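Taken together, the values in this text are just the output of simple stated rules run on the coordinates, not laboratory data. Every value quoted in this text rests on a predicted model; they were computed, and no experiment measured them. All Cβ positions, even for glycine, are placed from backbone atoms using ideal geometry, and neighbour counts span all protein chains on display.
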Amino acid sequence: MADVTSINFQQRVSQNQKQIQTQKLSQQQLQSIKILSMGTEDLRQEIYNTVAKNPALEIAKDVETEGVNSASERSDFTFSDFSKKFSSAKEASDVFQKALEETPDNRETLSAHLRHQFLSMNHSPSEEKLGIKLIENLDSKGFHILSPYSLIDSKDSFQTPELVEKTIKIIQQLDPVGCCCRDFRESLYVQAQILSHAPKAALFILNGHFDFLSPPQPQKVQKKVNQYLETHTDFLEKEQQNEKKFTLEEIQQAIDYIKTLDPFPARDFSSSQTSYISPDVYVYQSVETDDFTVTANNEALPVIKISPDFKDLSQERFRVRKSTEESEKRRAEHRFIMTSLKNAQDFMDSLQFRKKTLIAACREIVAVQKDFFLYGPRFLKPLRQKEIAEKIGVHEATVSRMAKEKYLYCAQGLFQIGYFFTNDISQPKTLQKKPSDLTEEKLPETKKSEETVLLSKSAIQYEIKNIIEENQSETKKLSDQKIADLLLEKGIKIARRTVAKYRSQLNLDSSYNR
């Protein structure tokens, strides 16, 4: 009887342990699902909120605020005595700020200012189109929003990475000098190169050694620079290799010169109120082949890490010989530390799960929709979320959450990931008329040889829009039935009412209103 009681007790303990484990997993899964469903802006706020609540987490890097923070830390570069006068000047500063906010901003925008200068110069058609894209791709500080190479038009053979670099250098020399850069560090280096009489020590410091200026004290900067030069002679010109070191006077001149440069050259121009969408994923096509690379936008979100202090505290051990108020306090502190670390790690794992799922799903999407990325919207294939879920080994609902409020940037433009999931419509034959910008060799074989084909709804809508635009100048506008007839000539058989439905979804008026 005792043995039976013991067995029952062990079974109950085992069941309780299983239930506790299941509950913990469920909480972690719920957090992962919540994070997976979030768009970039919501997740950015969630990360900052979590870091504020959990002392075991800290922000390791945030590209969006890095330039501003770095500039504010370098008070010597702009307002050397500001910190001393802060208390007495705070009220005057608030009044001045209020006046600024209440005054309409009638200044010229950076985009308009650069466009006017750029278009007044002689450029090839390809260079001009690329230059306008680069200018429109600048934020309020004058720095790139998207990667410049992602702006290359794959249909224009003259737009190459070399042309991108050439056009960037042209824009960087326009007024204000130093725009069209990655960040304020590159901008300062570009300004030093373009503007005259830059000391060699200043060029050296700005060419990837900006951290040597922290703090901007000549003796300390000189020590860091010369220690580096003792083991790296590549950066010295031939005439300077004999010296191998910069003097204190040269370092002081370099610091004084750098102070005259502007880390944010676009600050004097009107800031546009345009809200930019930050892509979650970039899709790049190889210059030599038709292969694609899918990468995450690592600059879209802040990078977080476990606090080193909390790591050290978690490894401390102490022996309690007698239960006292002090020992209980230390126990509670240790429990708090371990719980904070556990929650921090769970949060970081959830972020990693989101990133891995997003990349894995987008790689499969690119593989299925390769024709779209090569030739454009007309060749978007029917694709269901269930197909992608099966390929990456997750539930269909996970893919649905992944696609929500996420964006993919490619040569065709910026798209919501959900755009690539579309229903199929069976057609009796393949598309026989190819787009005018595709040669017979470039047209996918599946579009020429198959007896039947499944077309996506988006592909048919694309054809309807093209037909209406091509006949826009006609006196008699095309009816829905006429559009259906023209689609049939292209091998797309749909009813007149379906044309009307798709036209309405495209926000295109009927023939009577057109």
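Label separation (Asp309 vs Ile277): 4.1 nm, computed from points 7 Å beyond Cα along the C-beta direction.
The distance between label points at Glu108 and Lys386 comes to 5.9 nm (points 7 Å beyond Cα on the Cα→Cβ vector). Projecting the Cα positions of His197, Gln173, Leu163 onto the charge dipole of region 154-209 (unit charges on Cβ atoms of Lys, Arg, Asp and Glu, taken about the Cα centre) puts His197 furthest along the positive direction. Basic side chains Lys and Arg get +1 at the Cβ, acidic Asp and Glu get -1 at the Cβ, and with that the dipole of region 115-207 about its Cα centre reaches some 200 debye. The share of alpha-carbon pairs in region 339-410 lying farther apart than 15 Å comes to 61%.
A full extension of the chain between Gln45 and Asp485 corresponds to an added length of 153.3 nm, given 0.36 nm per residue minus the alpha carbon distance. In a fully extended conformation the segment linking Lys245 and Met348 would gain 32.6 nm over its present Cα-Cα distance, using 0.36 nm per residue. Both radii were evaluated on the Cα set of region 104-181; the Rg over Rh quotient, with Rh as the Kirkwood radius, amounts to 0.97. On the basis of the beta-carbon distance and an R0 of 22 Å, Gln416 and Tyr149 show a calculated FRET efficiency of 0.45.
At full extension, Gln27 and Glu136 could sit 34.8 nm farther apart than now, given 0.36 nm per residue minus the alpha carbon distance.
Can you pick out the pairs among Lys61/Lys406; Lys200/Lys220; Lys61/Lys355; Lys34/Lys501; Lys133/Lys200; Lys129/Lys355 whose Cα atoms lie more than 26 Å from each other? Before the final figure, lay out the partial values.
Numbers: Lys61/Lys406 22 Å; Lys200/Lys220 18 Å; Lys61/Lys355 17 Å; Lys34/Lys501 35 Å; Lys133/Lys200 34 Å; Lys129/Lys355 34 Å.
Those over the limit are Lys34/Lys501; Lys133/Lys200; Lys129/Lys355.
Each label point was placed 7 Å from the Cα along the Cα-to-Cβ direction; for Lys223 and Gln173 their separation is 4.2 nm.
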